[in-house]
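Novice: Take a look at this one; I'll ask things after.
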Amino acid sequence: MRKILHWYAAAMGLMLAGLSACADDGAGPSSGALTQAQAELAAEAVSDDADAQVDALTSSAADAASFAAGRAPFGAQCTPVPNVSPVPVDTDGDVVPDSVRFTFDPPCVLSLALRTITLTGIIDVVDPTPVDLDWARRLRFADFRTTRERLLSGAAVSALRNGVRTVTGNADALHHDVTAFTTEFTHADGSVTAHTRTWSSDFTADIPGSIGRNEPLPSGTWDISGSSTWTRENGEWSASVTTNPALHYDAACSEAPRFDGGTLTLVVTRGGSTSTVTIEYTTCGEHEVTRE
């Protein structure tokens, strides 16, 4: 029973990180170089999705809710419905179940001190190598929405995610791939930004051998490369995404984005014009955006 409860927590924890109340009034030209406001919007979307990768790569995935960004597990408040009972089959005993679907219906409402978090949709968890004792896992998000509402102001932001994440690796390093993974951000002003990305990333632990199956992801570096597309009221932008130097993930950080060093560079193309957006991570939860 302990294992299935951990997987209940995982389905929530995988999605609780990476929501920022980034706002943009949609103003500005629909072609040409990005404005500073649009550059910051793109930077927020990329930072959110980069941070969310940490949760998909939490070593066991089953304990993601407990370990993601220092957040407490929410199993006592919210239990998604699995399609298997009482315990999903784990043929190779590597913590990842052979196949299980978690459905958040009715919606799960998590009550925190200053906000509520509502979860709806589906997460499928599959072991692509069910007879091999390894680190492989595949997670499919189907219309999975996370909505955060601040109790004092009533302001709400949400992210609707669709796509597949795959993970492979060992105790030293993990590899993560997403292909055409889409996040639709609904900002506090009601505007919507769709971020579709195809990224390949590698996480390397600071201390070799420190990634454990039932432990939180340790501190380490992230190398990310790939392509992104943003769709918004005023048009579509595309970009190449690289890290140099690699992002440093701080396991002790409790504020997203959970990086305390490194730089993400976006080379954005829109209407035949190119802009370079640099996101420099300076300390836990903080970053600076520069537009050229």
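The values are calculated or read from the model by the stated rules, or taken from the named source; none is laboratory data. Computed from a prediction, not measured in an experiment: that's the story for all the values here. Backbone-built Cβ (ideal geometry, glycine too); neighbour counts: all protein chains shown. What goes into the accessible areas is simple: the full protein's heavy atoms, side chains included, and nothing from ligands, DNA or RNA. Shrake-Rupley method; radii C 1.70, N 1.55, O 1.52, S 1.80 Å.
Novice: Can you pull out every residue in region 172-187 that is surrounded by 17 or more Cβ atoms within 10 Å (Cβ to Cβ) and not in a strand (DSSP E or B)?
Specialist: Passing the criteria: only His187.
Novice: If you don't mind, there's one more thing I want to ask. I want to confirm something. Restricting to region 204-221 and keeping residues that are modelled with pLDDT of 95 or more and hydrophobic (A, V, I, L, M, F, W, C), which single residue is farthest from Ala173 (Cα to Cα)?
Specialist: Ranking the candidates gives Ile207 first.
Novice: Then there is this: For region 188-207, what are the residues that are assigned to a loop (DSSP other than H, G, I, E, B) and closer than 20 Å to Asp260 by Cβ?
Specialist: Asp206, Ile207
Novice: Still on this model: Looking at this structure, is Ala239 assigned to a strand (DSSP E or B), in contact with a Ser or Thr (Cβ under 6 Å, 6 or more places away or on another chain) and in contact (Cβ under 8 Å) with a residue 40 or more places away in the chain? Steps first, please.
Specialist: Numbers: assigned to a strand (DSSP E or B): yes; in contact with a Ser or Thr (Cβ under 6 Å, 6 or more places away or on another chain): yes; in contact (Cβ under 8 Å) with a residue 40 or more places away in the chain: yes.
Against the criterion (assigned to a strand (DSSP E or B), in contact with a Ser or Thr (Cβ under 6 Å, 6 or more places away or on another chain) and in contact (Cβ under 8 Å) with a residue 40 or more places away in the chain), Ala239 qualifies.
To keep it simple, each residue is scored yes or no on (1) within 17 Å of Ala52 (Cα to Cα); (2) open to solvent by 20 Å² or more (accessible area, probe 1.4 Å); (3) of a type in the set (D, E, K, R).
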position	(1), (2), (3)
Ser227	yes, yes, no
Val241	yes, no, no
Gly261	yes, no, no
Arg270	no, no, yes
Thr274	no, yes, no
